[in-house]
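*Asks:* The structure that follows is given in the form of structure tokens.
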């Protein structure tokens with residue numbers, strides 16, 4: 001596999017994830033929706049052997065912070081620690097069945113959400129919509145679709 005190909009694929013799926021995350025939806029649907037960039041990045045981490053994963057997680061997180069107008073580093077920290085979890089279970093993740101992968105995605109999304117809410121609560125205030133707590137569950141439920149779509153894109 002060409003060393004440039006994984007990074008080109010990451011660039012493509014990052015742009016797609018950012019487009020999907022800004023689709024105009026009702027407020028409740030936006031709050032319940034999964035962390036799209038995390039889902040796409042988990043796929044990339046699991047199925048592409050690359051170096052510099054944590055640096056890329058930092059860059060993608062800062063990019064997401066800038067585009068969403070969040071606290072600088074909030075998404076970056078959450079994405080780095082979720083990446084650390086996925087990297088630790090990568091061998092098991094790669095050979096697991098789909099339901100076990102969904103559990104791993106749920107845990108990674110929960111880590112992301114916990115850090116996101118922790119930083120948000122410490123810096124701003126404790127006011128957030130409780131619908132946001134369903135984001136890890138929706139991420140786990142959307143994982144089979146994301147995996148199928150990206151596997152089809154990867155082989156083209």
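Every read-out reported here was derived from the displayed coordinates using simple, explicitly stated rules and does not represent laboratory data. Only a predicted model underlies this, so the values are computations on that prediction, with no experimental measurement involved. For neighbour counting, all protein chains shown are included, and Cβ atoms are generated from backbone atoms with ideal geometry for every residue, glycine included.
*Asks:* Counting just the residues of region 110-136 that are in contact with a helix residue (DSSP H, G or I) (Cβ under 8 Å, 6 or more places away or on another chain) and under 13 Å from residue 29 (Cα atoms), which one comes out surrounded by the fewest Cβ atoms within 10 Å (Cβ to Cβ)?
*Replies:* Looking at the filtered set, the residue picked out is 129.
*Asks:* Is region 99-112 home to any residue that is free of Cβ contacts under 8 Å to residues at least 12 places away in the same chain and over 22 Å from residue 88 (Cβ atoms)?
*Replies:* Within region 99-112 (the criterion being free of Cβ contacts under 8 Å to residues at least 12 places away in the same chain and over 22 Å from residue 88 (Cβ atoms)), the answer is no, since none of the residues qualifies.
*Asks:* Could you list all residues from region 47-91 that are out of contact with any helix residue (DSSP H, G or I) (no Cβ under 8 Å at 6 or more places or on another chain), in a helix (DSSP H, G or I) and more than 24 Å from residue 117 (Cβ to Cβ)?
*Replies:* 55, 91
*Asks:* Kindly provide the set of residues from region 74-98 that are closer than 17 Å to residue 35 by Cα and without any contact (Cβ under 8 Å) to a residue 24 or more places away in the chain, ordered by number.
*Replies:* Listed by number, the list holds a single entry, 76.
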